[in-house]
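Structure, as structure tokens:
The values are calculated or read from the model by the stated rules, or taken from the named source; none is laboratory data. These numbers come from a predicted model, not from an experiment. Here the Cβ positions follow ideal geometry from the backbone for every residue, glycine too, while neighbour counts run over all protein chains shown. Areas reflect the complete protein model, heavy atoms only, side chains present, ligands, DNA and RNA absent. Shrake-Rupley method; radii C 1.70, N 1.55, O 1.52, S 1.80 Å.
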Amino acid sequence: MTDFNFLTTHVGSVPHAKVHDITETLTRHLDVPAWSQLPRLSFRESMYVQYSPLLPAIREDAKQEKVYFETTADITNALEAFYTPFLSDDVDAFALCPEYAAGFFALLDALRQTDGQWAKGQVTGPISFGLTVTDQDLRASLYNDMLAEAIVKNMGMNARWQIRQLKSVRPNVILFLDEPYMAAFGSAFISLSREQAIAYLDEVFDSIHSEGGIAGIHCCANTDWSVLLATKVDILNLDAYGFIENLALYPVELREYLDRGGNVCWGIVPNNEQIFEETPQGLAERLRNGIRLIAGKAALRGVTIKAEEFANRSLIAPACGLGSTSIEVADRVFEVLVETGDILKRG
């Protein structure tokens, strides 16, 4: 079992547009550097555009700054073109494009020039992608079985490609699925069964594991945590600043997750203006109190979860991505993140 001991990392998106500057800073200061998504540099850096170029029947609308699926015509040829490299296991065909993910290539360059053990990549989760990216009639692509299958496989293959690249410069690679739409799971807005959600996610996790990567999942709001805890994920990443108490509602599922080697990445550092009202010491104590709350609630249900169990099973991060905030806020978030990590590592 890996001893994480509150290693610091981040979700992905940043408000910066100078890719090499922010990459150098984060590579130097974070324990687990992650490549930066730069939505203010180009709409192609959006998490719903970055991974799309190879998908069948995908169209890019630069004016509206979005992608969508065009399914009014027969898409058989488009599906064949997509599945040909997939069936031949041509992982390189699913590579990120520099004009869509400048931060990935900047991170590779930075890691080649520094020493370290860790790197993190990320890919948009198939559920969030499929519920956000629609067809020409604004129908969620996840509800088109052919497109849903392609989306899942596209994300899995891209994750494999990222891991291969990152493993060329770091021995240990974490690959996260970003699934913000899971916050709406179980509502009337999503027609997706628990079993199907787990199957979609596990297929991508299997792809990550096939390359020797550690699989993580990020959901930036409250959700039915029992669904994510039931998957093959290795690291559960939640907004612990806003929702840590909600994880305490699932003591049985959390115990089973920990028993099979699960870890938690606590998003304990706020990703907005609240950062100026917090201190590293205060956030460290907030996390400790939250973990004690989880342990206490579990005990009331007859489940043994010890607070000290989390020391070597924990990473910390900002609560969510920083792409929509200001550079001033983001820079302070990273400063506080590093200082909070130092406090927690000391125990």
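Structure notes:
- Peptides 159-166, 329-336, 55-62, ordered by how many other C-beta atoms sit within 10 Å of their residues on average, highest first, read 159-166, 329-336, 55-62.
- Compared with the dominant principal axis of the Cα atoms in the chain, helix 76-87 is inclined by about 50°.
- Packing rank of 218-230, 314-326, where each peptide gets the mean count of other beta carbons within 10 Å, highest leading: 314-326, 218-230
- Extension gain (nm, one decimal) between Glu99 and Gln64, 0.36 nm per residue minus Cα-Cα: 10.8 nm
- Helix 280-300 axis, angle to the chain major axis (alpha carbon atoms, nearest 10°): 90
- Helix 327-345 and the longest principal axis of the Cα set of the chain meet at an angle near 50°.
- Alpha carbon centroid spacing (whole Å) that separates the stretch 54-113 from the stretch 126-168: 10
- Over 31 Å between alpha carbons, listed pairs Lys153/Lys345; Lys120/Lys345; Lys18/Lys232: Lys153/Lys345; Lys18/Lys232
- For the pair Asp145 and Leu79 in one chain, pulling the backbone fully straight at 0.36 nm per residue adds 22.5 nm over the alpha carbon distance.
- Three-way shape label, the stretch 140-211, alpha-carbon gyration tensor, a/c 1.5: prolate
- Nearest-0.05 FRET efficiency for Glu328 and Asp206, computed from C-beta distance (R0 56 Å): 0.85
- Evaluated with a Cβ-only charge set (Lys, Arg +1; Asp, Glu -1), the chain carries a dipole of roughly 760 debye about its Cα centre, given to the nearest 20.
- Each stretch of four or more DSSP H residues adds -39500 (n - 2.57); spread over every residue of the chain, this sum gives -13000 deg cm²/dmol at 222 nm.
- The portion of the accessible surface of the stretch 302-347 made up by carbon and sulfur, rounded to a whole percent, is 49 (1.4 Å probe; DNA, RNA and ligands excluded).
- Based on protein heavy atoms only, the chain ends up with 40 Å² per residue of surface accessible to a 1.4 Å probe.
- The label point for Tyr48 and the one for Ala307, both projected 7 Å from the Cα toward the Cβ, are 4.1 nm apart.
- Extension gain, Ser168 back to Glu195 (0.36 nm per residue minus Cα-Cα distance, nm): 6.2 nm
- Cα centroid separation, the stretch 1-20 to the stretch 277-347 (Å): 14
- Across the stretch 52-111, Cα-Cα distances exceeding 19 Å account for 46% of all pairs.
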